[in-house]
Amino acid sequence: MTPAELVQQALAARTRAYTPYSGYQVGAAVLTEAGEVVLGCNVENAAYPATICAERVALTAAVAQGKRHFTAIAVATRNGGSPCGTCRQVMMELGPDMTVYIADESGAYRTTTVRALLPDGFDHDKLAG
């Protein structure tokens with residue numbers, strides 16, 4: 001799957017977002033090593049801390065489906081907003097070597113990596129010793 005195709009999947013997922021409070025829809029599409037795509041969208045809640053971001057929805061759904069190895073994730077927002085700190089940490093845990101495509105609503109995207117988004121990130125190696 002090309003980066004542009006993965007971005008299009010994230011844009012499609014974005015339309016399913018539940019955002020009655022912020023109106024800021026986010027879609028995510030995570031690509032597994034096997035070439036499968038799992039989608040996620042943000043789901044807001046009146047108790048704001050219960051809100052879950054699109055990136056975490058996609059990644060946890062993939063894990064729930066038994067998928068553990070990821071190569072890329074595309075994140076689509078209105079204006080190309082970058083993943084939050086919590087999502088960066090979850091991406092570090094589940095796919096530290098993933099490529100990250102951050103797209104705006106037109107489909108224009110930039111490319112980065114999880115490690116670039118979270119330099120010196122905390123992972124399981126830090127728990128040892």
**Asked** Taking interchain pairs and intrachain pairs at least six residues apart, which have beta carbon atoms under 6 angstrom, with the first residue in region 6-27 and on the phi < 0 side of the Ramachandran plot and the second assigned to a helix (DSSP H, G or I) and among the basic types (Lys, Arg)?
**Response** 25/14; 27/14
**Count of residues meeting criterion [over 14 Å from residue 114 (Cα atoms), modelled with pLDDT of 95 or more, open to solvent by 50 Å² or more (accessible area, probe 1.4 Å) and of a type in the set (Ser, Thr, Tyr)] in region 45-96** = 1
**Request:** Within region 72-107, count every residue that is free of Cβ contacts under 8 Å to residues at least 12 places away in the same chain and in a strand (DSSP E or B).
**Result:** 0
**Item:** Count of residues meeting criterion [among the hydrophobic types (A, V, I, L, M, F, W, C) and either closer than 19 Å to residue 10 by Cβ or open to solvent by less than 50 Å² (accessible area, probe 1.4 Å) (or both)] in region 118-129
**Value:** 1
**Item:** Any hit, region 108-117, residues being in a strand (DSSP E or B), in contact with a Leu (Cβ under 6 Å, 6 or more places away or on another chain), closer than 14 Å to residue 14 by Cβ and modelled with pLDDT of 95 or more
**Value:** no
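The values are calculated or read from the model by the stated rules, or taken from the named source; none is laboratory data. Here the structure is a predicted model, which is why all the values come from computation and not from measurement. As a convention, Cβ positions derive from the backbone with ideal geometry for all residues, glycine included, and neighbour counts pool all protein chains shown. Each accessible area value is taken on the protein alone, full model and side chains, heavy atoms only, with ligands, DNA and RNA left out. Shrake-Rupley method; radii C 1.70, N 1.55, O 1.52, S 1.80 Å.
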